[in-house]
Each structure stands twice: as C-alpha cells, then as structure tokens.
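Novice: Right, I'll just put the structure down here and ask away after.
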Amino acid sequence: MDRAPSRKRSSGGQRTTALAIGLLGGLMLGASFAAVPLYRLFCSATGYGGTTQTASHAPKARGQRELSVRFDANVAPGLPWRFEPETPEVTVRPGEPTTVYFRATNLSDRPTEGVARFNVQPDQAGAWFDKLQCFCFSVEKLGPHEKAEWAVVFFLDPKLTEDETMNAVDAITLSYTFFAPPGGAEKNAPKTGAAESPASPGKS
C-alpha cells in the first residue's frame, strides 16, 4: 500500500531534477552568449588587453612628458591588400591631438572588403590611448586595384602620468590588422573554374 505514493514522489522528484538541469543549462548557454559582448565592454572601459578608448573631444590640459607612438600594420591571410602606415612613429605629449594616416591598396582584380582589429602595447597603455577618429569601426571596401588613405586622430590622456605602471613606458605601439569580414573571405577569394560558355545560337 505504501509503494504507489512512493512511486509518485519519485516521479515528481525526477521531473523537478530535470527541470532544474534544464534551467541551469539555459542559464549557462545565455551566459556564454553574453560573455563576449560583456568582455568587450569591460576591455573598452578599462583598456584591458590593450583595448583603446574613444573620445568626442581632446582635453584642454597638456602634459610635459614626451612619448613615442609607433604604428604597426598587418593583413590577415585571405585578404589581398597591402596596408601600411604613412609614418612609422611620432612623438607626442599627453593631451595633444595627433593625426596619422594609413594607406591601403587592393592588389586583386575584384572588389574586396576588410575590417580592422586593433590594440596597443604595452597593455596598460590602452586605458590612456583615446581615439577621436578611426577607420576601425566599419567594413572598408576597395575596388579592383583601388587605393585609399584613412586617418586616425588620437591623444594620450594626461592622467597617464598618475599611473605608476606607465612610469617606465616611453613608447606605445598602435597595431592594426585587417581581416576579411564574416562571410567576406569567400567573396574576396578569386573565382576558379572555367568561364561560362556563350549561349548557343538560337537560344536566349
């Protein structure tokens, strides 16, 4: 007589356990999707991993310390571009807006697209490297053998002098790498195979 209630309790417990496992799996899946944008926001806010900052205007204060800013340009495999800085290095003071240019050339016979990823080294400099203008936030398009010149306007936050980890830093490297955008690698790839044969006479 006691067995039937026992089976009911056991069945109910199994359903509760299955529901809890399902909810936990859903939460873990949601957390995994949220992790990437949250990590990007964290990097952008703190400069972690050499992520630069963005600003709408330069500060009025100017620092007396001079630092070198070097420029590194790269192109990932699959994108037929040549990409290089106009100047390899500049000397700046904190708070001083500086404009530099990068040149890109599409080396192929077809239109191509690229998107830039960037960071600065050493990592701690990312928190003090502010961009006023940059080509790194959108997909750039170049026609066959087209050339382009893009500007980067930046300044170093004068408050970097208050950061003890920056005391020994006298040079910062801003590095860009152009990649084909998602789905763009196939679009940028050269076409293979025989050309389409012309239509036979009398056929449309």
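Derivation of every value follows stated rules applied to the coordinates shown; laboratory data play no part. Quick caveat, the model's predicted, so the values are computed rather than measured. Cβ coordinates were reconstructed from backbone atoms using ideal geometry, including for glycine residues, and neighbour counts include every protein chain displayed.
Novice: What does the charge count near residue 76 come to, summing +1 for each Lys or Arg and -1 for each Asp or Glu among other residues with Cβ under 14 Å from its Cβ?
Specialist: Summing Lys/Arg as +1 and Asp/Glu as -1 gives -1.
Novice: Same structure again: What does the charge add up to near residue 165, with Lys and Arg as +1, Asp and Glu as -1, over the other residues with Cβ less than 15 Å from its Cβ?
Specialist: Here the count lands on -4.
Novice: Let me ask you something else. Run the numbers for residue 121 and residue 91: contour at 0.36 nm per residue of separation, minus the present Cα-Cα distance, in nm.
Specialist: Here the answer is 9.2 nm.
Novice: OK, next. Output ³J(HN,Hα) for region 141-146: one whole-Hz value per residue in order, computed from phi by the Karplus curve 6.51 cos²θ - 1.76 cosθ + 1.60 with θ = phi - 60°, and x for Gly and Pro.
Specialist: After applying 6.51 cos²θ - 1.76 cosθ + 1.60, I find 10, 10, x, x, 6, 6 Hz.
Novice: Near residue 122, within a Cβ-to-Cβ distance under 14 Å, what is the net charge of the other residues, with Lys and Arg +1 and Asp and Glu -1?
Specialist: -4
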